[in-house]
Amino acid sequence: MPAGNTVKVMLADAHHLFREGLRAALEADQIAVVGETEDTAAAARTARALTPDVVVLGLNESSGAETVQEILRSNPGVKVVVVSATSVEENVIETLAAGACGHLHKDMPPEDLVRGILQAATGGAVLSREAMRALMAHVRPDGRGPSEQELTPASFTSRELEVLRLITEGADNAAIGRELSISPHTVKHYVTNILEKLGVHSRIEAAVRAVRGGLI
């Protein structure tokens with residue numbers, strides 16, 4: 001969490017109503033929106049002036065990869081979360097490859113967007129279910145790497161495999177808990193075990209390794 005436990009967010013999106021709605025949701029959760037711009041092409045310059053912890057970059061048809069790179073070059077340490085009305089596989093992959101730590105869908109409930117932005121602020125990687133499916137479609141044809149062939153379902157409990165399946169579908173801890181009728185604390189315990197067994201540090205890495213390793 002940023003210093004002082006106060007997350008500073010900047011909004012960059014061409015649509016006023018989306019910015020207004022997201023600002024209201026963030027401020028209702030005591031998150032500081034330090035500024036916004038409708039000119040996403042100028043997001044790097046605006047971020048440099050505002051020094052946010054997280055830039056929420058709204059995109060439509062394009063991947064925005066160049067904009068993400070420019071923001072990160074100009075603002076070392078900032079987290080970029082892309083929010084888009086589409087989750088085209090090519091756009092998701094290009095955005096993540098450019099350094100964005102998340103790709104969320106504009107149609108997500110406001111509370112889910114807020115939760116994703118907070119997760120990004122603390123160093124997490126966040127994907128909507130649509131973006132996760134796009135990522136999985138990208139990695140499935142590649143086959144297993146040498147180390148991934150050592151993974152077997154027998155290395156996991158049946159419940160861990162259920163949780164892992166839901167992770168690959170883009171479900172967050174709250175959604176996993178609802179799906180499996182278990183508490184968030186229990187979900188967190190399973191996720192920690194899964195990451196440790198897979199030897200990875202994020203849910204996205206876990207999903208990719210699970211799919212490439214043939215676990216899901």
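The values are calculated or read from the model by the stated rules, or taken from the named source; none is laboratory data. The structure presented is a predicted model; accordingly, all values stated were derived computationally and were not measured. Every residue, glycine among them, receives a Cβ derived from its backbone with ideal geometry; neighbour counts consider all protein chains shown. Note: areas computed on protein heavy atoms with side chains; ligands, DNA, RNA excluded. Shrake-Rupley method; radii C 1.70, N 1.55, O 1.52, S 1.80 Å.
Could you grab me the full set of residues in region 14-24 that are among the aliphatic types (A, V, I, L, M) and either under 19 Å from L59 (Cβ atoms) or touching a strand residue (DSSP E or B) at 6+ places or on another chain (Cβ under 8 Å) (or both)?
Matches in region 14-24: A14, L17, L22.
Scanning region 151-167 for residues that are in contact with a Leu (Cβ under 9 Å, 6 or more places away or on another chain) and outside any loop (DSSP other than H, G, I, E, B) yields P153, S155, R159, L161, E162, V163, L164, R165, L166.
Of the residues that make up region 49-58, is at least one open to solvent by less than 10 Å² (accessible area, probe 1.4 Å) and closer than 15 Å to A134 by Cβ? Looking through region 49-58, none of the residues is open to solvent by less than 10 Å² (accessible area, probe 1.4 Å) and closer than 15 Å to A134 by Cβ. I117 passes every criterion in (1) in contact (Cβ under 8 Å) with a residue 40 or more places away in the chain; (2) open to solvent by 10 Å² or more (accessible area, probe 1.4 Å); (3) part of a helix (DSSP H, G or I) apart from (2).
Is one or more of the residues making up region 19-33 outside any helix (DSSP H, G or I), in contact with a Leu (Cβ under 6 Å, 6 or more places away or on another chain), of a type outside the set (F, W, Y) and under 21 Å from E205 (Cα atoms)? Among the residues of region 19-33, not one is outside any helix (DSSP H, G or I), in contact with a Leu (Cβ under 6 Å, 6 or more places away or on another chain), of a type outside the set (F, W, Y) and under 21 Å from E205 (Cα atoms), which makes the answer no. Take the residues in region 147-169 that are closer than 23 Å to H105 by Cα and of a type outside the set (A, V, I, L, M); name whichever of them is most open to solvent (accessible area, probe 1.4 Å). Filtering region 147-169 for residues that are closer than 23 Å to H105 by Cα and of a type outside the set (A, V, I, L, M), the one most open to solvent (accessible area, probe 1.4 Å) comes out as R165.
Pairs linking a residue in region 3-32 that is free of Cβ contacts under 8 Å to residues at least 40 places away in the same chain to a residue that is open to solvent by less than 60 Å² (accessible area, probe 1.4 Å) and not acidic (D, E), with Cβ atoms under 7 Å and 6 or more positions apart or on different chains, are T6/A32; R19/L11; R23/L11; R23/V33; E27/V33; A32/V7; A32/V9.
Is there a residue in region 49-56 that is within 16 Å of A120 (Cβ to Cβ), acidic (D, E) and either modelled with pLDDT of 95 or more or not in a strand (DSSP E or B) (or both)? There is at least one residue in region 49-56 that is within 16 Å of A120 (Cβ to Cβ), acidic (D, E) and either modelled with pLDDT of 95 or more or not in a strand (DSSP E or B) (or both). Residues in region 187-210 that are within 21 Å of G116 (Cβ to Cβ) and not aliphatic (A, V, I, L, M) were compared, and the one that is farthest from the chain's Cα centre (by Cα) is Y190. For region 78-87, check the following and say yes or no: at least one residue is surrounded by 20 or more Cβ atoms within 10 Å (Cβ to Cβ), of a type in the set (G, A, S) and either assigned to a strand (DSSP E or B) or under 13 Å from the mean Cα position of the chain (by Cα) (or both). Taking every residue of region 78-87 in turn, at least one turns out to be surrounded by 20 or more Cβ atoms within 10 Å (Cβ to Cβ), of a type in the set (G, A, S) and either assigned to a strand (DSSP E or B) or under 13 Å from the mean Cα position of the chain (by Cα) (or both).
Go through the residues of region 170-186 one by one and say whether even a single one is open to solvent by 50 Å² or more (accessible area, probe 1.4 Å), assigned to a helix (DSSP H, G or I) and within 27 Å of I93 (Cα to Cα). For region 170-186, residues open to solvent by 50 Å² or more (accessible area, probe 1.4 Å), assigned to a helix (DSSP H, G or I) and within 27 Å of I93 (Cα to Cα): absent.
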